[in-house]
Amino acid sequence: MTINFNIHQAVSLTTTNQPKAPIAPQQQVADAKKEVEPEAIAAFTGGAQKSSPYSALLNPEGFDFSNMSINEFKGIVDAVRKLESDTQRASGNTESLRGAFWGDVMDVKGSLEGINFQNRGFSSSDKIDITAFFELGVKEAQQMRKEHPRSFSKVVGYAQSALSTVEKLTSESFIKEYQAKAVEFLKSQDTPLIKTQA
């Protein structure tokens, strides 16, 4: 299920807790850029193939999820999906991936692909606060449920699940774990993997 959220308040894209008057959506991204100090985490310090399909995870500059574009975040989600798929395939398991976390990652991927940027006032390449974007989605889903309880009773659960998954995906411990997993998997291969989509 794809859930689309409409960003309409400046506070949703900033990390400050001071109340602000609503402003035009086009100004949100500019304000987020000004107010957020870079906080890069999990800079990759090891050696790995630069052309690997997991290069989005093996970033020597680290990750600043409070100042990242949707395109960059999609790349990380895709790298996680590809790594999980490749490690399963290499182990001889040809069944489709199952499990709560895999399903949650797929839901996040689906919600990212379903974003209508025309209604948002920013593009997929503009820097935003990724977690704040999903937090706003929960708030908007809760508001929709208040207005239409029958129609939107499950939407809040989907939005909260997506936020929980994003919080895990953006944690330093998760990124480091998957960096190590990617490096180990690449070392275990006799021939380099060709970059393909999962």
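The values are calculated or read from the model by the stated rules, or taken from the named source; none is laboratory data. Keep in mind that this is a model prediction, so the values were computed, not measured. Quick reminder, even Gly has a Cβ in these numbers, built from the backbone with ideal geometry, and neighbours come from all protein chains shown. Note: accessible area is taken over every heavy atom of the protein model, side chains too, but ligands, DNA and RNA are not part of it. Shrake-Rupley method; radii C 1.70, N 1.55, O 1.52, S 1.80 Å.
Among the residues of the range 40-93, write down those that are surrounded by fewer than 15 Cβ atoms within 10 Å (Cβ to Cβ), among the aliphatic types (A, V, I, L, M) and over 24 Å from Ile128 (Cβ atoms).
Hit for the range 40-93 is Ala90, nothing else.
So the check is Cβ under 6 Å with 6+ separation or different chains; which pairs have a first residue in the range 113-135 that's more than 15 Å from Thr165 (Cβ to Cβ) and touching a residue at least 12 places away in the same chain (Cβ under 8 Å) and a second one that's surrounded by fewer than 12 Cβ atoms within 10 Å (Cβ to Cβ) and of a type outside the set (Ser, Thr, Tyr)?
Within 6 Å, the pairs are Gly121/Gln26.
Residues of the range 160-190 being among the aliphatic types (A, V, I, L, M) and open to solvent by less than 40 Å² (accessible area, probe 1.4 Å), which ones? Lay out the reasoning, then the answer.
Step one: filter the range 160-190 for residues among the aliphatic types (A, V, I, L, M), giving 162-163, 166, 169, 175, 180, 182-183, 186.
Result: Ala162, Leu163, Val166, Leu169, Ile175, Ala182, Val183, Leu186.
For the range 107-131, enumerate the residues that are surrounded by 15 or more Cβ atoms within 10 Å (Cβ to Cβ) and in a helix (DSSP H, G or I).
Matches in the range 107-131: Asp107, Val108, Lys109, Ser111, Leu112, Ile130, Thr131.
Could you count how many residues in the range 143-198 are of a type in the set (Ser, Thr, Tyr) and at pLDDT 85 or above?
Our first condition is that a residue be of a type in the set (Ser, Thr, Tyr); within the range 143-198, this holds for 151, 153, 158, 161, 164-165, 170-171, 173, 178, 188, 191, 196.
Next, from what is left, pick out any that are at pLDDT 85 or above: 158, 161, 164-165, 170-171, 173, 178, 188.
Adding up the residues that qualify gives 9.
Name the residues in the range 145-157 that are in a helix (DSSP H, G or I) and either among the polar types (S, T, N, Q) or crowded, with 18+ Cβ neighbours inside 10 Å (or both), would you? Break it down stepwise before answering.
Going residue by residue through the range 145-157, those that are in a helix (DSSP H, G or I) are 145-147, 155-157.
Passing the criteria: Arg145, Val155, Val156.
Is it true that Phe134 is closer than 30 Å to Ala43 by Cβ, open to solvent by less than 30 Å² (accessible area, probe 1.4 Å) and not in a loop (DSSP other than H, G, I, E, B)?
Details: closer than 30 Å to Ala43 by Cβ: yes; open to solvent by less than 30 Å² (accessible area, probe 1.4 Å): yes; not in a loop (DSSP other than H, G, I, E, B): yes.
Considered against the rule, which asks whether it is closer than 30 Å to Ala43 by Cβ, open to solvent by less than 30 Å² (accessible area, probe 1.4 Å) and not in a loop (DSSP other than H, G, I, E, B), Phe134 comes out as yes.
Take Ala180 and decide whether it is without any contact (Cβ under 8 Å) to a residue 40 or more places away in the chain and either within 19 Å of Phe63 (Cα to Cα) or among the β-branched types (Val, Ile, Thr) (or both). Please lay out each step first, then the result.
Details: without any contact (Cβ under 8 Å) to a residue 40 or more places away in the chain: yes; either within 19 Å of Phe63 (Cα to Cα) or among the β-branched types (Val, Ile, Thr) (or both): yes.
Judged against the criteria, Ala180 is a match.
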